[in-house]
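The values are calculated or read from the model by the stated rules, or taken from the named source; none is laboratory data. Everything numeric in this text was worked out from a predicted model, so none of it was measured. In this analysis, Cβ positions are derived from the backbone assuming ideal geometry, glycine residues included, and neighbour counts consider all displayed protein chains. Quick note on the areas: whole protein, heavy atoms, side chains included, nothing else; ligands and nucleic acids left out. Shrake-Rupley method; radii C 1.70, N 1.55, O 1.52, S 1.80 Å.
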Amino acid sequence: QGSHGAMGGDSGGVRALAAWRNRNVRLALAFTAAYSLSCGLWGTSVLSGYLIEIPPKKNTMVGLAEGLQGTVQAIVAVPIGYITDSYGRERTLRGASVLGFISIVAFIVALLVGASIDRSSADNNGLLEYTLMCFALSVFGMFDGTNSGSLEAIYHDSISSKERPVMTTAKFVVRVAFRAAGPCLSAILFYTIGDSWTRPQLRTVFLVGICLTAIPACILLFFKDKDTLGEESEAFSGSATSPLIVRSPGAPSPIAQSPETFFDHADVAYQPIVDDDGEVVDQVDAHGNPLQRDFDARAATDVAGECAGTSGADGSAHATLGGLGQGAAASNEAPLLGSGDHDGATDAEFARIKYIIPRLVLTSDILFGIASGTTIKFFPLFFRSETGLSPSNVNWIYVIMPLFVVLFSMLATRATRKFGRVLVPVFCSATGICLMVLLWWMGLDRERGLWQTTWLVVPVCVLRTAL
């Protein structure tokens, strides 16, 4: 069953894929749906809105609390790899489940302490409540850092290589759909209990979202290492000597099958293969044979991909040597990494290129990650205090944002065929930066009230995020 059959051939289409019968695959999709729904409910506008209501009500305290969660997640990811290799992914995911339940309890305690403080007449300096929230966010960061890598590994190892592109796409669709459903449910709750930025309303929605997080935590208990496919999941369709798919330097290892139809190349029908960010990383024919070939620098790009895999939302540029300035459908005369002439470069120059590109991409991802961390988390507070939007309206913005991300990813995939895998990401990133500068400029003149103009501010923020 190749990727062509999965798209509607004699095999019966996507519904006939053997991967659907694997328990780990079904559990991973269920976890993705439940986790995306719950985090989308409490992890966007509600979390920032509640933290800013804790005395002394400063943006600095919001940044420190949410930054602590991400920092702990990054730190935990390092030893978790060793633990997973030593004790298996099944046990690691069970440990993650325990951490998930601990974080749920910690959040509930913090919220109940806050409610108790609200009912009392004593002065509240916010220290106890803020400390409990920081602890809960830290444990939740440990939960994220523990389950993410093991879950991805056991999911892909439970799918044959022939079906992996389709199933990666399915997981991506589930994540986007339920990530949008979370803010949608949050908006409905605010309509029901009161659409205001007050602690009781925020706390109620927060509690609902946190309680829903128990569902993905439970699901982690049922994964089994014995249900993985072993070598079958690593074997590529075709002959035993078929070359492997080449990832662009820094590109995440999961690949997704593009919804686009096959296009012709050198009298052979090829289909684009894209990563989770919608970037074309290769082409395969109807039998799963890639257009590009493996190369000696694969180990270096794998390292860069693992380091940068969780921050690809910035849309940073990834390209092979043969892809510089070329589209995904470029001529097959374009040089390949590992080919003899290196496009006129000497061996020393070629070795330097292989050394620089992964590190350049990694540095870019780190810088974009820092920039995103200083802006994205504060957008809900910006919409609240500067634009004057209600909680439900802010959540509706977070409903449409993932949909625009998907739309622009599809447009970028089309554009890469004509303009190349370097120019398109650079253009998108540069445009996003310009929109951020535009948003800053709009706030310089407070008398004109551009930040209070919803129909102007919201599209700029949405486009900035999508790009």
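Cross-link reach is defined here as a Cα-Cα straight distance under 25 Å, omitting same-chain residues fewer than 8 places apart; for LYS57 the lysines meeting it are LYS377. At the residue level, VAL176 shows approximately 20 square angstrom of accessible surface with a 1.4 angstrom probe and all protein chains present. For the stretch 371-467, the carbon plus sulfur part of the accessible surface works out to 73%, probe radius 1.4 Å. Using a 7 Å offset from Cα along Cα-Cβ at VAL109, what residues in the stretch 121-164 end up with backbone N under 14 Å from the label point? Counting backbone N atoms under 14 Å from the label point, the list is 128-140. When the residues TRP455, TRP396, TRP197, TRP42 are ordered by accessible surface, computed with a 1.4 Å probe over the protein chains alone, the sequence from largest down reads TRP455, TRP396, TRP197, TRP42. Report the Cα centroid-to-centroid distance between the stretch 133-147 and the stretch 389-412 in angstrom, as an integer. Computed from Cα coordinates, the inter-centre distance equals 26 Å.
Of LEU99, LEU64, which has the most accessible area and how do the rest follow, probe 1.4 Å?
Numbers: LEU99 35, LEU64 105 Å².
From most accessible down to least: LEU64, LEU99.
The distance linking the stretch 415-467 with the stretch 72-122 is 35 Å (Cα centroid to Cα centroid, whole angstrom). In the context of the full protein assembly, PHE404 retains an accessible surface of approximately 80 Å², using a probe radius of 1.4 Å and ignoring ligands and nucleic acids. Rolling a 1.4 Å probe across all protein chains gives TYR155 an accessible area of roughly 0 Å². Cross-link partners of LYS224 among lysines, defined as those whose alpha carbon lies under 29 angstrom from its own and excluding same-chain residues fewer than eight positions apart: LYS162, LYS171.
The gain in end-to-end length when the CYS211 to LEU127 segment is fully stretched comes to 27.8 nm, 0.36 nm per residue minus the alpha carbon separation.
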